[in-house]
Amino acid sequence: MLGPDQYMLGGVKGTGDFVITGGRIAGPTRVLDDGWVAVTGGLISEVGQGAPPEGPRMDVAGALVVPGFVDTHCHGGGGGSFSSGDPDELALAVRAHRGHGTTTMLASLVSDPVHALCDQIAALRELVQDGEVHGIHLEGPFISHARCGAHDPAALLEPDTATVSTLLNAGRGDIRMVTLAPELHGGVKAVRQLTESGVIAALGHTDGVQEQILPAIDAGATVATHLFNGMRPLHHREPGPVGVLLDDERITVELICDLVHIHPTVVHLAAKHAGKRRTVLITDAMSATDAADGAYRLGRLKVNVSDDFGRYRRARRQHAHHGRSVPQHGARREAGHPGRGARDFGETGRTARHRRPHRLAARGPRGGHRGARRRPAPGQGAAPG
Ligand SMILES: [Zn+2]
């Protein structure tokens, strides 16, 4: 856990005020070559170019210095799953994402029986209390059978008031977001219950039509869970969740920007329409992120990872699955797309409700990223999310 005057740089914890020098500083609109960042009391106090102010210096020798990434939707990494309840696995997951520059994250749980979720929430609360993760995101169990994706269909429920309360009580204020399908019986009422409890209601894994999505937004829902994935697709005569959520100024849209879950052109279309203020890039990462190919679990589902791509089998169909990327991969690759710039994309996983003071993450000149991923052939790994 970082104290108020502590910082993390390249995996090393430090203390006190200092100035980062010799780096390329990524600002909101441009990169400052030969820039510097003054850090006071653990927060960025000033950013500039040229001669740095007096004080202890940390020379990062040409590294790209970026604000810490905020990931609002993440199931694990480094071989560790947030659903495991195992402290060692939870720590692995946090460390994996820290290593890629994520300084604030929500730990997401997939659908499971309520008693199992309560146990998982209890284990995650310790991480929240220690400041390792910012809060808990329940993705389900109140989601649509028709759009359940990798969630266990046997664990899905309709959201009655008592069950929602049981889960929120288990979280004791640490559950920050719940993804649900508003067309379920009790869906809109649950949105109201969540928002009145100070929890973000996110709409996702939904087969709802406009008439079912809009009342949930009116009731207080503010987030679209991985827009496009796990929801009824856009149709020109029935906009469905994609059209309604993307077009509504009250909604912040999550995009899995690994360029596998969503085609680059569609990422561009959505980000352009939602704009910087409403677009959030997420990983939706599972435990296999930043780990070797092999067999992993997502909740109770087995996921086989090969060639950097997660797949699971259900009813003899092979499905593309949860993200294995980290936020900057897709954005970096997409930034290289002709005619497009990183500025067209959102604030890399920041939402108004999640906004916190920046912590710093510095990356080497080559960023330490893994190489470009092999993309599945067209038609392979259909029906992502
Ligand atoms: Zn997810």
Packing-based order for 44-50, 77-83, using average beta carbon neighbours within 10 Å, highest first
77-83, 44-50
Obtain the radius of gyration and the Kirkwood radius of the stretch 64-200 from its C-alpha atoms and give Rg over Rh.
0.98
Pairwise label distance in nanometres, R277 with A162, each label 7 Å out on the Cα-Cβ vector
4.3 nm
Any idea how far apart T265 and Q49 come out in nm if each label point goes 7 Å out from Cα toward Cβ?
3.7 nm
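Summarise the long-distance tail of P(r) for the stretch 128-255 by giving the % of C-alpha pairs beyond 23 Å.
Cα-Cα pairs in the stretch 128-255 separated by more than 23 Å: 25 percent.
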How large is the Kirkwood hydrodynamic radius of the stretch 1-153, counting all unique pairs of alpha carbons, in Å?
17.4 Å
Compute the distance from the alpha-carbon center of the stretch 39-67 to that of the stretch 173-231, in whole Å.
41 Å
For D130, project a label point 7 Å along Cα to C-beta. Then give me every residue of the stretch 96-117 with its amide nitrogen under 17 Å of that point.
96-99, 103-108
Cα→Cβ-extended label distance, 7 Å offset, between A146 and H236, nm
2.2 nm
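Across the stretch 6-67, how large is the tail of the calculated P(r) beyond 19 Å, expressed as a percent of all Cα pairs?
21 percent
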Using R₀ = 25 Å, calculate the FRET efficiency as 1/(1 + (r/R₀)^6) where r is the Cβ-Cβ separation of R250 and R172; round to 0.05.
0.35
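Laboratory data are not the source of any read-out in this text; all were calculated from the coordinates shown. Since the structure is predicted, the reported quantities are computational estimates derived from the model, not experimental observations. Because the Cβ atoms are built from the backbone with ideal geometry, glycine has one as well, and the counts that use them run over all protein chains shown.
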